[in-house]
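Have a look at the structure below, then the notes.
The values are calculated or read from the model by the stated rules, or taken from the named source; none is laboratory data. The structure presented is a predicted model; accordingly, all values stated were derived computationally and were not measured. FYI the Cβ positions are ideal-geometry reconstructions off the backbone, even for glycines, and counts take in every protein chain you see. Just the protein is used for accessible areas: all its heavy atoms, side chains included, with ligands, DNA and RNA removed. Shrake-Rupley method; radii C 1.70, N 1.55, O 1.52, S 1.80 Å.
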There are 2 protein chains.
Amino acid sequence: MSGLDLNVVGKKNPEKSYKYTSKDVILYALGIGAQTSELQFIYEGVSGGLKVFPSFVAAPRYIAFPKLGKIDFPKFIHGEELIRLHQPIPSQGEIICFSEVTSIYDKGKAAVINVKTTGLSKDRNPLFEIESAFFYLGAGGFGGDRGPKTEKITPPEGIEPDFSVTYNTTENQAALFRLSGDLNPLHIDPDLARFGGQEKPILHGLCTYGFTTRAILYSLCDGDISRFKEFKVRFTNVVYPGESLTTEGWKDNGRYVIQVKTDRAVVLSNAYVIID
Amino acid sequence: MSGLDLNVVGKKNPEKSYKYTSKDVILYALGIGAQTSELQFIYEGVSGGLKVFPSFVAAPRYIAFPKLGKIDFPKFIHGEELIRLHQPIPSQGEIICFSEVTSIYDKGKAAVINVKTTGLSKDRNPLFEIESAFFYLGAGGFGGDRGPKTEKITPPEGIEPDFSVTYNTTENQAALFRLSGDLNPLHIDPDLARFGGQEKPILHGLCTYGFTTRAILYSLCDGDISRFKEFKVRFTNVVYPGESLTTEGWKDNGRYVIQVKTDRAVVLSNAYVIID
């Protein structure tokens, strides 16, 4: 009834080749708000060579998205995202990318679909993994396993964060970010956004994820992408283009607990980052 | 000595095929500051179909740039630009584009190189012509013709303009605009900009031209690209990304005299537009 094919679990989807140039890398960087002061991410001729924001790996993943059956996309919501990096992403070339649905859980009203996406260099060395969770509203109740409880990650109460960075998004942030691959009209078409229950088009969750990656990179890694290892978030509220994003982080053993807020709401929570 | 080959005059350069998608059209629109309220230029799924800003034709022209000899590009300055449109540019497809150096004049210190670029549809119907003048500093004094005096076009003194529109550029406007084709590092590299005699990277003249095209389109054409016929400017001063651009126009028989200012200077002058 939901169109979801439960038999996709555990099957590797075909490998895709994502070919890209420095222009794609720069377009992505501008899409997540990079400024001219961040020359290493937006200028192909920069001394030391163009660098790639770790969250860029979301671009190749679009082409490797798994087959799931006949999905009603307005009811399909990106819930969680984890990116694990094995080495810096080259500034141009080719990435081999493939995905697998690792589990589908039955949460009653919704199904939770867990997808693992793997990225390899052209000579098949590991570049990254992405673990995504999607909530598919109305697709639960098929008698499946509820799945394990997820770890609850919260900032320590009453403790000031170790860092806090605020970035402004622009009115046309989503219009720019979508050129990096996710053309879902929910992020630009006012009529479709209203139809989907939003008062206006919303920013891509992965755009917020990218802004947060920038904040972490400058606050904790001195701008060095090779120190950025693993970053996991839950998307908890919508962001409208033009809102500001405040990223806060608290040191917590070998990682930092991360939280991102707009003036209205917490938008990324249950989040951590591991850096070197 | 200047490297300029005077024998290029009057020779048609090879035809080039410029293939583009709606993504190129949207990227260009964002590069000249289009906002989400201008949905017809930035959303491929917009009701009525994606439209193309008339100044987009500067993108295909890059690939058809004429051979001129061995040019020292820091001394090569875009002086004037005229775009004549025969029909609206399709939102995707292929443009056949070729150029010809129509004359090289000897202004003493500088040479002036006049280039005509022609754009045809795939079935060879005329789409546009571009007439550009480039000043090549230090390349004059070769005993050539000084060329005719150009028409002087100035706003009427003491008369309020018939329209005035101010747009803000952003700090990374040039970083975004350059992804539409003109990767000259003068527009992003602080070291090279200083080497070229600028205190910091400057906005592309054609980006200012594009912002002005937007201003004219909304002030005089009700946003209807088919009414935009011919637009000629002289580039008279540099613009830095982040500055605001005020476009003013005065009705003058069958055309409008146009002038564009920042807070510091007049940056486009000797300019007119013809609309339907």
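Tabulated values for the structure
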{"quantity": "Test: residue in segment B:34-46 that is open to solvent by 10 Å² or more (accessible area, probe 1.4 Å) and β-branched (Val, Ile, Thr)", "calculated": "yes"}
{"quantity": "Selection count where residues are of a type in the set (Val, Ile, Thr) and under 20 Å from B:Lys229 (Cα atoms), scope segment B:129-153", "calculated": "2"}
{"quantity": "Candidate set from segment B:3-21 (those that are in contact with a helix residue (DSSP H, G or I) (Cβ under 8 Å, 6 or more places away or on another chain) and away from chain A (no Cβ under 14 Å)); member that is nearest to A:Lys200 (Cα to Cα)", "calculated": "B:Tyr18"}
{"quantity": "Failed criterion for B:Gly79 (all others in (1) under 26 Å from B:Ile275 (Cβ atoms); (2) of a type in the set (Gly, Ala, Ser); (3) open to solvent by 30 Å² or more (accessible area, probe 1.4 Å) hold)", "calculated": "(3)"}
{"quantity": "Failed criterion for B:Tyr62 (all others in (1) closer than 26 Å to B:Ile274 by Cα; (2) more than 14 Å from chain A (Cβ to nearest Cβ); (3) modelled with pLDDT under 95; (4) surrounded by fewer than 20 Cβ atoms within 10 Å (Cβ to Cβ) hold)", "calculated": "(2)"}
{"quantity": "Conditions (1) more than 26 Å from B:Val238 (Cβ to Cβ); (2) surrounded by fewer than 20 Cβ atoms within 10 Å (Cβ to Cβ); (3) in contact with a Leu (Cβ under 7 Å, 6 or more places away or on another chain): number failed by B:Gly93", "calculated": "(3)"}
{"quantity": "Residue in segment B:4-15 that is over 18 Å from B:Gln92 (Cβ atoms), over 23 Å from the mean Cα position of the chain (by Cα) and of a type in the set (Asp, Glu) present", "calculated": "yes"}
{"quantity": "Verdict on A:Ser37 being without any contact (Cβ under 8 Å) to a residue 60 or more places away in the chain, of a type in the set (Gly, Ala, Ser) and within 14 Å of chain B (Cβ to nearest Cβ)", "calculated": "yes"}
{"quantity": "Top-ranked residue of segment A:47-59 - restricted to ones that are over 19 Å from the mean Cα position of the chain (by Cα) and open to solvent by 30 Å² or more (accessible area, probe 1.4 Å), ranked as farthest from A:Val101 (Cα to Cα)", "calculated": "A:Ser47"}
{"quantity": "Residue under evaluation B:Ser164, criteria (1) without any contact (Cβ under 8 Å) to a residue 12 or more places away in the chain; (2) farther than 13 Å from B:Tyr240 by Cβ; (3) of a type outside the set (Asp, Glu), criterion not met", "calculated": "(1)"}
{"quantity": "Odd one out for B:Ile153 among (1) over 27 Å from B:Phe98 (Cα atoms); (2) in a loop (DSSP other than H, G, I, E, B); (3) open to solvent by 20 Å² or more (accessible area, probe 1.4 Å)", "calculated": "(3)"}
{"quantity": "Extreme residue, nearest to B:Trp250 (Cα to Cα), among residues of segment B:130-150 that are among the hydroxyl-bearing types (Ser, Thr, Tyr) and open to solvent by less than 60 Å² (accessible area, probe 1.4 Å)", "calculated": "B:Ser132"}
{"quantity": "Boolean, A:Asp24 is in contact (Cβ under 8 Å) with a residue 60 or more places away in the chain, under 22 Å from A:Ala174 (Cα atoms) and either more than 14 Å from chain B (Cβ to nearest Cβ) or open to solvent by less than 60 Å² (accessible area, probe 1.4 Å) (or both)", "calculated": "yes"}
{"quantity": "Selection from segment B:71-125 of residues that are part of a helix (DSSP H, G or I) and among the charged types (D, E, K, R)", "calculated": "B:Lys75"}
{"quantity": "Helices (runs of 4 or more DSSP H) enclosed by segment A:165-221 - at least 2 residues per element that are within 13 Å of chain B (Cβ to nearest Cβ) and surrounded by fewer than 23 Cβ atoms within 10 Å (Cβ to Cβ)", "calculated": "A:190-195"}
{"quantity": "Subset of segment B:193-202 (residues that are touching a Leu at 6+ places or on another chain (Cβ under 8 Å) and in contact (Cβ under 8 Å) with a residue 24 or more places away in the chain)", "calculated": "B:Gly196, B:Gln198, B:Pro201, B:Ile202"}
{"quantity": "Filter result (under 21 Å from B:Ile71 (Cβ atoms) and among the charged types (D, E, K, R)) within segment B:135-159", "calculated": "B:Asp145"}
